[in-house]
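Rule-based calculations on the coordinates, nothing more; no lab input. Not measured: the values here are computed from a predicted model. Positions of Cβ are generated from backbone atoms using ideal geometry, with glycine treated the same way; all protein chains shown enter the neighbour counts.
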Amino acid sequence: MTLIDETSTIPAGGPTLEQVRRVVTELPGPKSAAILARKADAVAAGVAHSMPVSVVAAGGGVVVDADGNSLIDLGSGIAVTSVGNAHPKVAAAVAAQAAQFTHTCFMVSPYESYVDVAEALNRLTPGDFAKKTALFNSGAEAVENAIKIARKHTGRQAVVAFDHGYHGRTNLTMALTAKSMPYKAGFGPFAPEVYRVPGSYPYRDGLTGAEAAKRAITLIEKQIGADSLAAVIIEPIQGEGGFIVPADGFLDAVVAWCRDNGVVFIADEVQTGFARTGAMFASEIFGIEPDLITTAKGIAAGLPLAGVTGRAEIMDSAHAGGLGGTYGGNPIACAAALAAIDAFENDGLVERAQQIGALLTERLDAIRANDPRLGDIRGHGAMIAVEFVDAETGAPDAALTAAVAKACVAEGVIILTCGTFGNVIRFLPPLSIGDDLLNEGIDVLAAALERA
Ligand code: PLZ
């Protein structure tokens, strides 16, 4: 283990961090507890946390807290540190850029790294057509801008989003997001001209992709009208909503209808993008070429960066000065993104995500063979989830899900839940995690399930 300096007991992050699960105190330990007490006094109550720790280092497949607990990371900070926390290439690029210049505002005095990131996104996103990109700071901001661009391009106002969808916490993206608690309750009124229709949730709706698409399109035509519709926005695999993989044929039917009706199809790949699903973008899995794609999270290994990429003629419909922001595409985030993209392309991370998916699915299928409370196992690549149900009725079992997640946390495994019904445990490990830690994480989960 390398220390950050000889006088410190804090280990350096990144891949040299010892790859082990080690719980040496109750969680939180005394040092974390003291910091979390200060958090309770100083930080707004609305900003909650799921792991009772204060982090000092992370890398590979572990996160280390102030008390020396080493936790298995099955969350990647919600699908962000896909290349690995404190990846050496990212850390070096950030340090070098910070020493060079930290900010100019790209709208005032441009710089090359923003253009490099735009070119990389134009090249990597699906679709063999001319593309352009604009950069922002967060996933929600990218979604907001994709809608702005689609409205300007079409001259129409309405936007369709889907049941179980998640697109952010700003006003427009709250309107697009389906789930009230905790994201929307009490925070309205929400942006107008947003309509929600059912999508495809094969485990619960039993529909084929074609049937689910017909249901959605009929509602859109009857209740909104194609002539009023600027955009349809969907996550190719719904993230916060429960890692819902649409039935085959659903997404391509919706894309085809959009194309026939002059509606901009936006794929929100904020969570699914950048090798996460075992493809560079999840749209590839379903054979679709979105008009616009929103990206964030994995793009820059944790530095705040987001993008909207898509058909050049749509992207160019906004007038000069119509898109931007003080920090969008800031140089340090762009440097991090270029290093991360280098790792995605050259370090076999797409293949690694596929291996992780195969390992997780095999282990979870084996547990399910003797435990009908695992109602559904689904996902692609390093984006896999289990939906927990009452074995008799098939009803969502949020209490079991919370109990299992809590037990995993206590044993030093960072685990995330999700789902409209709060009954899904999702696995989003960094692609830098080793098989042994993955297996150990699943062992802890299996033991917790037996006790629950
Ligand atoms: N679109 C598909 O998954 C962010 C949110 C966690 P920001 N998902 C994690 C939380 O509780 O806030 C997300 C997403 C999809 C948009 C967003 C929003 O991205 O970078 O959080 O704004």
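Worth pointing out:
- Rounded to the nearest 20 debye, dipole of the chain from Cβ charges on Lys, Arg, Asp, Glu: 1100 debye
- Between residue 78 and residue 368, residue separation times 0.36 nm minus the direct Cα-Cα distance comes to 101.9 nm.
- For the stretch 100-171 versus the stretch 311-374, the gap between their alpha-carbon centres in whole angstrom: 15 Å
- Order of 299, 433, 4 - criterion: other Cβ atoms within 10 Å of each residue's Cβ, fewest first: 4, 433, 299
- The GluC sites (Glu not before Pro) of the stretch 363-452 that meet both conditions, a loop assignment by DSSP and at most 11 other Cβ atoms within 10 Å of the site Cβ, are 392.
- Virtual paramagnetic centre 7 Å along Cα→Cβ of residue 123, amide N under 20 Å, in the stretch 89-103: 89-90, 93-94
- Among beta bridges identified by DSSP and lying wholly in the chain, the antiparallel ones come to about 65 percent.
- Each peptide in 47-57, 138-148 gets a packing score, the mean of other Cβ atoms within 10 Å over its residues, and the list from highest to lowest is 138-148, 47-57.
- Order of 9, 272 - criterion: other Cβ atoms within 10 Å of each residue's Cβ, fewest first: 9, 272
- Kyte-Doolittle at least 1.0, axis length at least 20 Å by Cα - qualifying DSSP helices, the chain: 331-346
- Its Cα centre serving as origin, the stretch 17-136 has a Cβ charge dipole (Lys and Arg +1, Asp and Glu -1) of approximately 80 debye.
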